[in-house]
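To start, the structure itself, in structure tokens.
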Amino acid sequence: MADTSTLPAALDAELDDVLSMLPLVAAGMGVGDKVFARLVDCLAEAVLHDVRVRHEQGELARADYLTEICQVVVALQVRGLLTGGLPPSR
């Protein structure tokens, strides 16, 4: 997965925001489901971003890029972590 320093600034900031909410979850503030959903969305987007960057840097041929993107999306859907389509692009 991509190092957070390689993430788009908006995604990096959102991930920081979500991680800063973890103490609220630990304190039982009733926000666990929302924080978990946002965290999963951020991490899924980071994985997809990493695949795109690897393709743009020439590490993945187009066919391999498309295959890997599809495999990631299917894996997320099978696990119930991606239900509303792809995360928004930043």
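Taking segment 15-67 only, how many residues are among the hydroxyl-bearing types (Ser, Thr, Tyr) and either touching a helix residue (DSSP H, G or I) at 6+ places or on another chain (Cβ under 6 Å) or at pLDDT below 90 (or both)?
Going through segment 15-67 one residue at a time, the tally reaches 1.
Yes/no matrix, rows are residues, columns are (1) open to solvent by 50 Å² or more (accessible area, probe 1.4 Å); (2) under 30 Å from residue 25 (Cβ atoms); (3) touching a Cys at 6+ places or on another chain (Cβ under 9 Å):
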site	(1), (2), (3)
39	no, yes, no
43	yes, yes, no
46	no, yes, no
49	no, yes, no
57	yes, no, no
62	yes, no, no
67	yes, no, no
70	yes, no, no
76	no, yes, no
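List, please: which pairs have Cβ atoms under 8 Å, are six or more places apart or on different chains, and start with a residue in segment 56-71 that is within 20 Å of residue 6 (Cβ to Cβ) and end with one that is part of a helix (DSSP H, G or I) and not charged (D, E, K, R)?
Cβ pairs passing all conditions: 60/51; 64/55; 65/51; 65/55; 68/51; 69/48; 69/51.
Filter segment 9-37 down to the residues that are in contact with a Ser or Thr (Cβ under 9 Å, 6 or more places away or on another chain) and surrounded by 13 or more Cβ atoms within 10 Å (Cβ to Cβ) and list them by number.
11, 12, 15
The values are calculated or read from the model by the stated rules, or taken from the named source; none is laboratory data. Just so it is clear, the model here is predicted, and its values are computed rather than measured. Positions of Cβ are generated from backbone atoms using ideal geometry, with glycine treated the same way; all protein chains shown enter the neighbour counts. The accessibility values were calculated without ligands, DNA or RNA, using every heavy atom of the protein model including side chains. Shrake-Rupley method; radii C 1.70, N 1.55, O 1.52, S 1.80 Å.
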